[in-house]
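The values are calculated or read from the model by the stated rules, or taken from the named source; none is laboratory data. Since the model is a prediction, treat every value here as computed from it, not as a measurement. Note that we place each Cβ from the backbone using ideal geometry, even for glycine, and neighbour counts take in every protein chain shown. Just the protein is used for accessible areas: all its heavy atoms, side chains included, with ligands, DNA and RNA removed. Shrake-Rupley method; radii C 1.70, N 1.55, O 1.52, S 1.80 Å.
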Amino acid sequence: MCHVIVTCRSMLWTLLSIVVAFAELIAFMSADWLIGKAKPRGSAEPGEQGAGPPEPYHPTLGIYARCIRNPGVQHLPRETLCGPYAESFGEIASGFWQATAIFLAVGIFILCTVALVSVFTMCVQSIMKKSIFNVCGLLQGIAGLFLILGLILYPAGWGCQKAIGYCGHYASAYKPGDCSLGWAFYTAIGGTVLTFICAVFSAQAEIATSSDKVQEEIEEGKNLICLL
């Protein structure tokens, strides 16, 4: 019979695991890793002579995606177009970014798997006499190592021709030139830090769900156990 065990520590670990997985996934898919140097929007539209000089915009570049400004045509507004610039893995701008994509993809896959499994830890706490919390914590630690490798290799690709086109000729490995780092890069770093926090916190969740009080309530025949 399934004993549903809910504790503050296990719930917090589950929520953090889900948040970390989504944060890393969204960051990986985003084009806002590098914010390019300002570019003019172009000449003013007809009838906008009094609107002042056109404001510059900043194109953005991700691992495999980018956002650029549509030059627009008469009677049609200029729009920001976002999408992948690489139609295949081999077209990713740098070999370092290809390695980054592999490491991040593996790490994110592990995190998403743990996030899915964490939902069921309220009902199943062990498999083959192994604590799910401990196994998931170990997997999160491994995922964090993959994420770190990916983030270390990513700046090495700033010297590729694609990055130079966005960041100027001063861009090189670990030097972004005229570019600045976007929110996706910082989100990936923050998610990596939280990944290791989740790995450590999984041990606390294991302690909470296997405490003496929980075991006493199981022996009393309770199927739903909620503890603070």
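Things worth noting here:
- Residue within region 193-213 that is modelled with pLDDT of 85 or more, closer than 14 Å to residue 37 by Cα and either open to solvent by 40 Å² or more (accessible area, probe 1.4 Å) or not in a helix (DSSP H, G or I) (or both) present: no
- If you go through region 173-192 and keep only what is assigned to a strand (DSSP E or B) and either touching a Pro at 6+ places or on another chain (Cβ under 6 Å) or crowded, with 16+ Cβ neighbours inside 10 Å (or both), you end up with nothing.
- Within region 149-171, restricting attention to residues that are among the aromatic types (Phe, Trp, Tyr) and part of a helix (DSSP H, G or I), the residue that is modelled with the lowest pLDDT is 166.
- For region 145-178, the set of residues classified as out of contact with any strand residue (DSSP E or B) (no Cβ under 9 Å at 6 or more places or on another chain), of a type in the set (Ser, Thr, Tyr) and touching a residue at least 24 places away in the same chain (Cβ under 8 Å) consists of 154 only.
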